[in-house]
Amino acid sequence: MRSLIPSLVLALWASVLACPALANPLTLLIEERAVEALAHQMPDDARFDIRMLTPGPHEALLISDFWMDAASGQFVANAVTQDGGVHRVQGMAVLTVAVPVPLRRIMPDEILRTEDFQITPLPYRSVGSFAVTRIEDLAGMQVRRMLSPGRPVVSQSVTQPLVIERGARVMLVYRQGPLDLSAPGRALSSAHLQQDVRVINLSSNKTVVGIARGNGLVEVSN
């Protein structure tokens, strides 16, 4: 009975090797091993871009051995193919994250729209911690510094749009409980949405500080 065990194991291994459904793209298998190696360092929306540096099989059954340098992404792997061969391959596993990048040069003071951007995977190390990673966080924002096409947008380059310009006519709204009063005013400074702004009340000629609410309205609490 014992003499049959090696034969059964060999027969089972041969049947596994003969099954084409078990083969997977080599780059997919390597990406899975790279994720295992660096899972604790990866952002949730990141993935690996696998670049082969040596020739190798397009498909493999498994990766029997895998070594990877976390800092550079360089890897060496042993890929086992359906015929039982073991192929040593080398390459780069580049950690990437998809971020919105401008499609054109966008100048200061422009208001951003979703159609100004496309989502592009970029190397994670080149993106930086201040890069805006969601396109919905850019739409409607105002540009502070010129944005270059194809490059990530850092949060310091955009701001909430100005809703009140210095010198503009505004409507002061006083709200105290059920009482609502209004008076014409002129802004003494520019302001973004929900930002404090100094305004002169044109009815009383007094300077007050209110909150810019948009549509030329400034809310004053007292």
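Annotations
- Residue tally, condition at pLDDT below 85 and open to solvent by less than 60 Å² (accessible area, probe 1.4 Å), over region 16-32: 3
- Complete set of residues in region 101-123 that are among the polar types (S, T, N, Q) and closer than 22 Å to Asp49 by Cβ: Gln118, Thr120
- Given (1) touching a residue at least 24 places away in the same chain (Cβ under 8 Å); (2) closer than 30 Å to Val197 by Cβ, index of the condition Leu95 fails: (2)
- Region 149-180 - residue that is surrounded by 13 or more Cβ atoms within 10 Å (Cβ to Cβ) and among the small types (Gly, Ala, Ser) and, of those, farthest from Val127 (Cα to Cα): Ala168
- Condition check for Val94: within 30 Å of His58 (Cβ to Cβ) and surrounded by 14 or more Cβ atoms within 10 Å (Cβ to Cβ): yes
- Selected residue (only one of Ile111, Ile119, Ile135, Ile63 is touching a Gly at 6+ places or on another chain (Cβ under 8 Å), among the hydrophobic types (A, V, I, L, M, F, W, C) and open to solvent by 10 Å² or more (accessible area, probe 1.4 Å)): Ile111
The values are calculated or read from the model by the stated rules, or taken from the named source; none is laboratory data. Just so we're clear, the structure is a prediction, and the values are computed from it rather than from any experiment. In this analysis, Cβ positions are derived from the backbone assuming ideal geometry, glycine residues included, and neighbour counts consider all displayed protein chains. The area values use the complete protein model at the heavy-atom level, side chains included, leaving out ligands, DNA and RNA. Shrake-Rupley method; radii C 1.70, N 1.55, O 1.52, S 1.80 Å.
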